[in-house]
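Encoded as structure tokens, the structure appears first; notes follow it.
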Amino acid sequence: MNTNALRSIAVCLSVVLLTSVASAGDPLRIMPLGDSITAGYTDNPSWANHPFEFGYRSGLYSLLTDAGYNFEFVGGSQEPWNNLFGDPSHGGTYTPPLDLRALGQNGHRGYGGAGAIYLNANIAGWLAADDPDIILLMIGTNGQDIAGLNSLVNNIVDAQPNAQLVVAEIIPYFNYSNSVVSYNSYIRNTLVPAHQALGHNVTSVNQYANFLTAPGNLASINQSLFSNGINHPSNAGYDLMAQTWFDAIELLPPPSGGDPSDPPIVIQTNTTSMTELAFASDVSTSDLIEGITPIPSGPAWNTSPSSMTDGQHGGSFFDVGRVVEGAWTAVGASVEYHLGLGDNGLGYDLHTIQSIAAWESAGFGNQVWTVEVKPVGGDYALLATVNYQPIAVNGSGASKVILNGESGVLATGIESIRFIAGAQNSHVSGTFVWRELDVFGTPTAVPEPSAIVVGLLAILAGIVAQPFTKPSSQYQDSESWF
């Protein structure tokens, strides 16, 4: 092989490597989307007691920066610096302590007084201009428009299918509103699960809970976290919101990229019965996590999670002797299973996850949870969120959820899996009885070498096999002929 050919190979490889590095270095584009709370208004128009500090965006900027994220807030809203609702700078005499403008991080799509109608009228243009990877949506404070919210989410998913859309349950008003609670319940129990069932990249967060004095008591509003006595948070309230947004971002998978028409899809199949023991014979004794020692963390489980993976469903609570197999969850409690590296040292391909919850009463047969997976050498990322609550308050019954990948594989190269219990609505405790968790899969196969790799190896073998040849005379006087 001559030197020109070798140079050509080197140049081609350099282009490939530089392209990969440039892609890896692209910042994560985050679009904060919503109304005055997204913009960061406090006690405007005076801004007398609660100076403008960019709302939750300043706290989120600090959290993301401290965690090492390469990101950019995107969006073209000029509020509140256009003084439509008061001058936050007090005539140019005030600058926020963390000035996102100076950092080039003032991008957002927050508009005072906006509702779903206004966002729907503009969202197509905003998405085209901003091209977000993550959209943080909180809308509804200026009217709980469920139909408008549905349209907005549909428009976002259709236009930006690879983006991760996080829909927030909105914060309360200064005084309790049942309309807000109902709106949030719709987001949590209907809107988001419906999109997830279709494989859309839609998740939710609970911003309402940040403004309560007693968790679980939706009327216990912490009025000290409001700045205007109506609906705007104080800066302390915004900091709590920032942490919630950050926690949600931490759980998201990286941007999928690729063909927008073919996003990764998790298919969820739900089954329910009013009979507690309906799925007792469906448990597995040969899945991947059978017999693995669980590693619980977070809030303490009400009973040990070890019985969720023992291949036993158990009887009814009201049976003689009360022999019940399963774990009584706690809201936010998690359990982790280390699968190992598998036969090929590459982890496992996960094909199916099965979850069964059941109880004789109290609605404990519902189930709300998330599952995260950790690839070999990587970090945990969200795989799916399940919110299946078919059993009535204080009702008896069982529910079964099965997750499958559309292509037959949910995730590949996985060494650990983690489940996190959420809050279901049928009982004041928010807990449920998790009878069985089964994870099915196979060791990740060693990939076949690609044609490019085979070709390069052949070329390199040819280079090694050829004897050294002195360069032609036109290169003899060059100090760096090769």
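The values are calculated or read from the model by the stated rules, or taken from the named source; none is laboratory data. Worth saying up front: this structure is predicted, and the values here are computed from it rather than measured. Counting neighbours? That spans all protein chains shown, and the Cβs are built from the backbone with ideal geometry, glycine included. These accessible areas exclude ligands, DNA and RNA; they are computed on the full protein's heavy atoms, side chains included. Shrake-Rupley method; radii C 1.70, N 1.55, O 1.52, S 1.80 Å.
Normalised by 2.2 N^0.38 Å, with N the number of residues, the alpha-carbon radius of gyration of region 163-286 equals 1.36. Among the protein heavy atoms, those of ILE146 account for about 60 Å² of accessible surface (1.4 Å probe, every chain in place). Residues SER273, SER179, sorted by accessible area with the largest first, give SER179, SER273 [1.4 Å probe; ligands and nucleic acids excluded]. Which residues among region 348-389 fall inside the zone where the amide N is under 14 Å from a point 7 Å beyond the Cα of ILE267, along Cα→Cβ? Correct set: 351-353.
Here the spin labels are modelled as points 7 Å beyond Cα on the Cα-Cβ line, and at SER224 and ASP282 they lie 4.7 nm apart. Keeping the other protein chains in place, figure out the carbon and sulfur percent of the accessible area of region 27-81, with a 1.4 Å probe. Looking at region 27-81 in its full context, I get 45 percent from C and S. Return the FRET efficiency for the residue pair ASP158, ASN302: r is the Cβ-Cβ distance, R0 is 56 Å, and the value is rounded to the nearest 0.05. So, using R0 = 56 Å, E works out to roughly 0.85. Each distinct pair of alpha carbons in region 106-162 adds a 1/r term; the inverse of their mean, the Kirkwood radius, is 11.7 Å.
Taking amide H positions as placed in the peptide plane 1.01 Å from N, state which residues far from PHE432 in sequence (5 or more) or on other chains have amide H under 5 Å from it. When sequence neighbours closer than 5 places are left aside, the close amide H contacts are THR329. Think of region 327-411 as having a plus end and a minus end, set by charges on the Cβ of Lys, Arg, Asp and Glu; of VAL376, HIS338, SER361, SER361 sits farthest toward the positive end of this dipole.
Look at the alpha carbon pairs under 8 Å that are at least 6 residues apart: their mean separation over the length of region 127-247 gives a relative contact order of 24 percent.
The length gained by stretching the chain between THR293 and THR93 to full extension, at 0.36 nm per residue less their Cα-Cα distance, is 66.0 nm.
Here region 38-196 was treated as a single set of alpha-carbon atoms; its pair distances binned every 10 Å from 0 give 9, 36, 36, 17, 1 percent.
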